[in-house]
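**Q** Pasting in a structure now, in structure tokens, and then I'll have a few things to ask.
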Amino acid sequence: MKKLLLLFVCSFVLQATAQSTLTAEQWREDLKFIQNTVHADYPFLFKKTTAEEFDAAVKELDKAIPELQDHEIVVGFSKIIALFKYGHTDISFRHETYAFRNFPFCLYQFNDGIYIQGTHRDHENALGAKVTAIGGVPIDKALATIYPVVNSENEQYFKAFGINYLRFPEVLHATGLTKKLSETITLTLEKEGRVFDHEFKVMPKGERPPVKYSLIQQEGDWLEARDQSVTPQYLKHLDKHYYYEYLPENKTVYVRQSSVFHDPTEDISTFYNRVFNFIESNAVERLVIDVRLNGGGNNFNNKDVITGIIKTKKINQVGKLFVILGRRTFSACQNLVNEMDNYTNAIFVGEPTSENINFYGDNNELMLPNSGIPIYLSWAWWQDKPQWHNGPWLAPHIAVDMSFAEYSSNQDPVLQTALEFSSENFVLDPMQYMTDLYQRGESEKLLTEVKAMIADPKYQFFDFEAELNTAGYNILGGGNVGEAIAVFSFVTQLFPDSANAWDSLAEGYLKAGDKVKATEYYTKALNMDPEGPTGKNAKQKLLELRHSKH
């Protein structure tokens, strides 16, 4: 009798699941719920997209819903949510009824391409291979195709979290990368000088690759491409939120902090007290705090870290305190590095963070009324810096990333850069350096050295053109037109192919009353960018100049 009852219950559950597909009207109601909720309670999220663009996207999806399968509708919802471009504003692909499945691999973007960082033992021959195409589509095109589905706060967020949307067969189909929803996907790979295709079969629903900190760790039937004979510092003790080690040959204390939550064995305050006491009591010349894996936690736990650094004058000096950033530096850890930038003498090394400097976080979970799928809408504005210091990310002073060969052989060029830092060959504040050279009248040296810095990959995340252009406009706003023109002219020497540089120079001459030169440079900007925003601005200015002559 019990067996019959069990069979009846199982049969009922299976039937209920099979019948759970919603009607088009019910999906439309869920879409309308998203739209109404955003307009009523979250209109402040309209920063990177407009209400008009949002409503147009909703209207387009609403019209398409009757012709779409369930997973295509969910991907459509994801595109709607992704318009806001905040990492905390998201939709779940894990809701039981509509859960997306996974292919058994983890992709990682190194500076020389995208590789299979980890996979199941059944696909060992694909491990460590470079991916050149997915389903016959070149990898760059595939990434561009899925980009609108991801709530990418910036390019780093997509590198950290979005790239593995290629693991979802539902996303591949909904975005047109595959013609049908398939149980398999073929990747074109390069490995050891050989190009070959490899087919992956989708994992059972509810199962996922065991990814931790964006990486598969080798365990059981799961393999990773890194040589397992040695473990680099940043991957040691991943069972702990933080740990430290003294590197005597460098007289350096290395800290890896991968969370802003307290570790169950020791709270953050106690841990950092131990770190700072060790520094004060031993022959320590440098402190390296590595937060490249740190996706956040509770930013109220940051205070003791910051105050501890400030009190420890021994290491709170330029050239003695280094912070390693990365593509997973996010959320409460973005607050942490912002505060380090504000209040300490840290030099930042590595890659930019995956969060905007000032950002919306702390989301609310809302269940869609018919599908039950949870969406997450951010509500808290975190502003650690003045609005005019906002940016897409906190960029490193010294840009360093990693090749696949370096990763797989356990090299760490980022940490090594911090350990080998010498101020003799590095400019910590390029803008101040340029200003000093300019004020001393060393124009030739200024041009030569700035060109060299622009070409140096260490400075790749310092936007020389934008910073100089902003300085020019600040000078122009202060009424010193001649000096502003000199700055704008300098920018055109550095960036002769930039329409914006010539447009700014034209504006300088227009302010000076030189309509002839203004016309010349606006025309140049228009010809360089006829359909873009700079060209449109130049076209409008040229029309105004013509009218002023009559």
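The values are calculated or read from the model by the stated rules, or taken from the named source; none is laboratory data. Quick caveat: nothing in here was measured; it's all calculated off a predicted structure. Don't worry about glycine lacking a Cβ; one is built from the backbone with ideal geometry, like all the others, and counts go over all protein chains shown.
**Q** Given the options Val230, Val284, Val195, name the one that is surrounded by fewer than 17 Cβ atoms within 10 Å (Cβ to Cβ), β-branched (Val, Ile, Thr) and assigned to a loop (DSSP other than H, G, I, E, B).
**A** Of Val230, Val284, Val195, the one residue that is surrounded by fewer than 17 Cβ atoms within 10 Å (Cβ to Cβ), β-branched (Val, Ile, Thr) and assigned to a loop (DSSP other than H, G, I, E, B) is Val230.
**Q** Mind checking which residues of the range 140-157 are surrounded by fewer than 21 Cβ atoms within 10 Å (Cβ to Cβ), within 28 Å of Asp70 (Cβ to Cβ), without any contact (Cβ under 8 Å) to a residue 40 or more places away in the chain and not basic (Lys, Arg)?
**A** Ala144, Thr145, Tyr147
**Q** Of all residues in the range 417-437 being in a helix (DSSP H, G or I) and in contact (Cβ under 8 Å) with a residue 40 or more places away in the chain, which is farthest from Ile475 (Cα to Cα)?
**A** Filtering first and then ranking leaves Leu419.
**Q** Out of all the residues in the range 325-365, which are hydrophobic (A, V, I, L, M, F, W, C), under 15 Å from the mean Cα position of the chain (by Cα) and assigned to a strand (DSSP E or B)?
**A** Selection gives Leu325, Phe359.
**Q** Tell me the residue from Glu245, Glu266 that is free of Cβ contacts under 8 Å to residues at least 12 places away in the same chain and not hydroxyl-bearing (Ser, Thr, Tyr), please.
**A** Exactly one residue qualifies, and that residue is Glu266.
**Q** I'd like to check something: does the range 310-332 contain any residue that is surrounded by fewer than 22 Cβ atoms within 10 Å (Cβ to Cβ) and at positive phi?
**A** Yes.
**Q** Let me ask you something else. Can you pull out the residues in the range 161-190 that are more than 28 Å from the chain's Cα centre (by Cα) and either free of Cβ contacts under 8 Å to residues at least 12 places away in the same chain or in a strand (DSSP E or B) (or both)?
**A** Selection gives Lys179, Lys180, Thr184.
**Q** Restricting to the range 447-472, count the residues that are buried (at least 18 other Cβ atoms within 10 Å of the Cβ) and among the small types (Gly, Ala, Ser).
**A** Going through the range 447-472 one residue at a time, the tally reaches 2.
**Q** Tell me whether the range 443-460 contains one or more residues that are within 26 Å of the chain's Cα centre (by Cα), modelled with pLDDT of 90 or more, closer than 24 Å to Gly508 by Cα and not in a helix (DSSP H, G or I).
**A** No, the range 443-460 contains no residue that is within 26 Å of the chain's Cα centre (by Cα), modelled with pLDDT of 90 or more, closer than 24 Å to Gly508 by Cα and not in a helix (DSSP H, G or I).
**Q** Find the residue count for the range 377-406, including only residues that are surrounded by fewer than 17 Cβ atoms within 10 Å (Cβ to Cβ) and aromatic (Phe, Trp, Tyr).
**A** 3
**Q** Checking the conditions here, which among Ile139, Ile116, Ile134, Ile80 is assigned by TED's automatic domain parsing to the domain that holds Ile375 and either under 18 Å from the mean Cα position of the chain (by Cα) or not hydroxyl-bearing (Ser, Thr, Tyr) (or both)?
**A** On inspection, the qualifying residue turns out to be Ile80.
**Q** Which residues, counting only those in the range 473-491, are within 30 Å of the chain's Cα centre (by Cα) and surrounded by fewer than 22 Cβ atoms within 10 Å (Cβ to Cβ)?
**A** Of everything in the range 473-491, those that are within 30 Å of the chain's Cα centre (by Cα) and surrounded by fewer than 22 Cβ atoms within 10 Å (Cβ to Cβ) turn out to be Tyr473, Asn474.
**Q** I would also like to ask the following. How many residues are among the basic types (Lys, Arg) and under 26 Å from Lys47 (Cα atoms) if we restrict to the range 147-200?
**A** 1
**Q** Any chance the range 321-333 includes a residue that's of a type in the set (Ser, Thr, Tyr), assigned by TED's automatic domain parsing to the domain that holds Met402 and farther than 21 Å from Glu153 by Cα?
**A** no
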